[in-house]
1. List nothing, just return the count: lysine pairs in the chain, 8 or more apart or interchain, with Cα separation under 27 Å.
2. Given just the C-alpha atoms of the chain, how large is their convex hull per residue in cubic angstrom?
3. Need one number: nm distance between label points at Arg40 and Lys91, each 7 Å from Cα along Cα→Cβ, rounded to one decimal.
4. What is the sum of charges around Asp14, taking Lys and Arg as +1, Asp and Glu as -1, for the other residues whose C-beta is under 12 Å from the C-beta of Asp14?
5. Below 8 Å, C-alpha to C-alpha, sequence gap of six or more: please give me the relative contact order for the chain in percent.
6. Might you report the magnitude of the Cβ-based charge dipole of segment 28-78 about its Cα centre, with Lys and Arg at +1 and Asp and Glu at -1, to the nearest 20 debye?
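What follows draws every value from the coordinates through simple rules; no lab data is involved. All values reported here derive from a predicted model rather than from experimental measurement. FYI the Cβ positions are ideal-geometry reconstructions off the backbone, even for glycines, and counts take in every protein chain you see.
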Amino acid sequence: MKTKLSPRLQKIVDVLPLKEGMRVLEIGCGPGSAAREVARRIGRGHVLGIDRSVSAIRQASTYSAGEIGSATVSFRTVAIEDFQLDDNEEKFDLAFAVRVGAFDGRHPEIEDKALIRVRLALKAGGKLYIDGNFRFQQP
C-alpha cells in the first residue's frame, strides 16, 4: 500500500520549482511519498531520498518498487550530516527537507555540518529548500 501525500506535503511539493529531467535530493524522505510525487513530476529525472531511519528506508523502498525499477527513484539510509555522493554520482539540481531536525532547530549542533554536506551535493546554482512552517531557504 503506497502512502498518499498529506495536504501539507502536497502544498510543499507544489511550490518546488521542479522541471523535467532534474536530479532531486529529498532529505528525511520517510516512507517516500514526496519522492514518488517529485519523480512523477520530473519525468526522466531522478530522486534520491535519504533518511537516517532504516525502517523508513525499508518502507520507502517497498512502496516505491515500480519507481526503483524504472530508475527514477532510489533510497539510501544516511543522516544528512554524514551524506556523501557516491563515486561518479552526479550532483543534484535541487534538495529539499521537510521537518528535518538538522534544519528546523531541534539539533543545532549538526546544522552547519548538514549544510556543508548539502552544498557539496548540489550543482553550481543548485538550491536547498527547507520547510519550517512553509519557510523555505537556500544555502
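1. The number of close lysine pairs in the chain is 16.
2. On the way: hull volume 14.4 nm³, N = 139.
Output value, Cα hull per residue: 104 Å³.
3. Calculated label separation equals 3.1 nm.
4. On the way: positive: Arg8, Lys11, Arg41; negative: Glu37.
Combined, the nearby Lys, Arg, Asp and Glu give +2.
5. Working: 261 pairs, mean separation 30.8, N = 139.
It comes to 22 percent, rounded to a whole number.
6. Around 60 debye, computed over segment 28-78.
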